[in-house]
Amino acid sequence: MKIAVLKEVGAETRVAAIPETVKKFAGLGATVAVERGAGVGASIADGDFEAAGATVGARAEVLKDADIILTVIGPEPDSVAGAKKGALLVGALDPAGRGDDVAAYAKAGLEALAMEWMPRITRAQSMDILSSQSNLAGYKAVVDAGSLFGRAFPMMMTAAGTVHPAKAFVMGVGVAGLQAIATARRLGAQVSATDVRSATKEQISSLGAKPIFVEGVAGIEGEGAGGYASETSAEYQAAQAELVSGHIAKQDIVITTALIPGRAAPRLISDAQLATMRPGSVIVDLAAEAGGNVEGCVAGETVERHGVKIIGAVQLARTLAADASALFSRNLANFLTAFWDKEKGGVVLPDEDEIVAAIRLTRGGQLVNERLKPAQ
Ligand code: NAD
């Protein structure tokens, strides 16, 4: 069994394997071939991969006869034309946004597996790239906010007087939001947070932050279906807007992370609400790519409105390439290990398995995932 690790292109800094996972694959009896320079963005030298037992070479050599191809964001289909038919292509392939590429992978005979469609079930937690990368994004959002904020986060009592603690508000308490709360708390800010899912109230309190919740109008009971939020009623949205208006004017730092699967991000902060904030405040909108939670947010840019800086954060995990690569690589290794058949000496993916059904996009030249089939 040969595993190929591709060098990513464009703005991507991460890599889909690290020396530790190379050793793990070797332990399973696989050989690993890494494309030259694949680890550069994550500070891993070719020699580090070689020391772990991999061979390093050009793409054509690496792909030749590979049974499994590991990638972070999915290669240009033309660039993997030399791959063996039936090879597994495993990574964050963005099937919702890059349907043409997925169709091209099918045409090339690759079996494409989209790791971002991993079901949110206990068995799959260690394979969940959305969680591992969102967690880092939540941390980095606070650090980035801190670097643009002209004040300190913690309270400091000095001979020259007292520095008051910053007030941070986290909107959307999924994986990224929880880490944003924890990070802002560690830096000494006074933290509050809100979500539509009632189950998050306890999680917010357990991290030492103050839950800010709409009372008297039903939001989403418990975890929500599949752990995710859905759209709330117009009545709830009006109550939430009023609650936010009262709270946001007193905040220095706001981190928004609210997403609803399959829909544009909900608008949580209007321009009128921004105008009530103190000049110098900083907002990081982690939902920027999905349309943004903040009015006027621009994905990939920092804009200033009413004296408030709004960071339209995009792919923050890329800015922590070493850690992001390590976690992403372990997610892939955990997936492959879970389906490794020792007798056959390779990965076996049963059709009926819940994980396989959720992430398998293409097989035998066809699109096989239910989510890719046109609605009847
Ligand atoms: P997400 O990125 O889809 O959304 C971020 C947060 O925004 C969510 O908490 C959501 O409820 C919230 N939100 C949506 N609309 C909002 C609004 N109008 N106002 C305020 N908040 C709003 O979420 P995620 O980080 O992917 O996590 C979703 C859930 O999945 C969580 O419950 C998490 O604990 C769970 N999870 C489970 C597993 C597992 O069991 N394998 C792994 C990861 C996450």
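Just so it is clear, none of the values below were taken in a lab; they were calculated from the coordinates. Predicted model only: the values in this text are computed from it and were never measured. Because the Cβ atoms are built from the backbone with ideal geometry, glycine has one as well, and the counts that use them run over all protein chains shown.
Restricting the count to DSSP beta bridges whose residues both fall in region 135-319, what percent are antiparallel, rounded to a multiple of 5? If we restrict to bridges inside region 135-319, about 25 percent are antiparallel.
A Cβ-based charge dipole, computed about the Cα centre of the chain with Lys and Arg at +1 and Asp and Glu at -1, lands at about 580 debye.
So what is Rg over Rh here for region 135-319, counting just Cα atoms and using Kirkwood for Rh?
With Rh from the inverse mean 1/r over Cα pairs, Rg/Rh is 0.95.
Look at the alpha carbon pairs under 8 Å that are at least 6 residues apart: their mean separation over the length of the chain gives a relative contact order of 18 percent. A full extension of the chain between residue 143 and residue 302 corresponds to an added length of 55.8 nm, given 0.36 nm per residue minus the alpha carbon distance.
Estimated from helices alone, the mean residue ellipticity of the chain at 222 nm is -8500 deg cm²/dmol (sum of -39500 (n - 2.57) over DSSP H runs with n ≥ 4, per residue). When Rg and Dmax are taken over the Cα atoms of the chain, they come to 22.5, 72 Å. Report the one residue of 156, 247, 130 whose Cα lies farthest in the direction of the positive end of the charge dipole of the chain (charges on C-beta: Lys and Arg +1, Asp and Glu -1; origin at the Cα centre). Going by the charge dipole, the pick is 156. In terms of packing, defined here as the mean over residues of other Cβ atoms within 10 angstrom, the peptides 62-71, 252-261, 75-84, 89-98 line up highest first as 252-261, 62-71, 89-98, 75-84. When the GluC sites (Glu not before Pro) in region 183-291 are filtered for DSSP coil states and for at most 13 other beta-carbon atoms within 10 Å of their beta-carbon, the remaining sites are 215, 221, 231. Here region 84-136 and region 1-57 have alpha carbon centers that stand 18 Å from each other.
Taking label positions 7 Å along the Cα-Cβ direction at both residue 295 and residue 250, the computed distance is 2.3 nm, reported to one decimal. Here residue 152 and residue 61 are evaluated by their C-beta separation; at R0 = 35 Å the FRET efficiency comes out at 0.10. On the beta carbon distance between residue 339 and residue 236, with R0 = 51 Å, the FRET formula returns roughly 0.80. Extension gain, residue 356-residue 26: 0.36 nm per intervening residue step, less the Cα-Cα distance, totals 116.5 nm. With a Cα cut-off of under 17 Å and a minimum spacing of 8 residues unless on different chains, the lysine pairs in region 135-319 number 7.
DSSP assigns beta bridges within the chain; of those with both partners inside it, close to 25 percent run antiparallel. Taking every C-alpha pair closer than 8 Å and separated by at least 6 residues, the mean separation divided by the residue count of region 302-363 gives a relative contact order of 12 percent. Computed extension length for residue 159-residue 228: 20.0 nm, one decimal, from 0.36 nm per residue of separation with the Cα-Cα distance subtracted. Between the amide H of residue 88 and those of 68, 69, 111, distances stay under 5 Å, these residues lying 5 or more places away or on another chain, with hydrogens modeled in the peptide plane.
Angle, helix 321-338 long axis vs. longest principal axis of the chain, Cα atoms, 0 to 90°, nearest 10? The angle comes out near 50 degrees. For region 135-319, the residue among 172, 261, 182 whose Cα projects farthest onto the positive side of the dipole built from Cβ charges is 182. From largest to smallest, the equivalent ellipsoid semi-axes obtained for region 308-353 from the alpha-carbon gyration tensor read 36, 13, 5 Å. Taking the longest Cα principal axis of the chain as reference, the axis of helix 129-148 is set at about 40 degrees. Couplings 3J(HN,Hα) for region 176-185, derived from phi with the Karplus relation 6.51 cos²θ - 1.76 cosθ + 1.60 (θ = phi - 60°), are 5, x, 4, 5, 4, 4, 4, 5, 5, 5 Hz, where x marks Gly and Pro.
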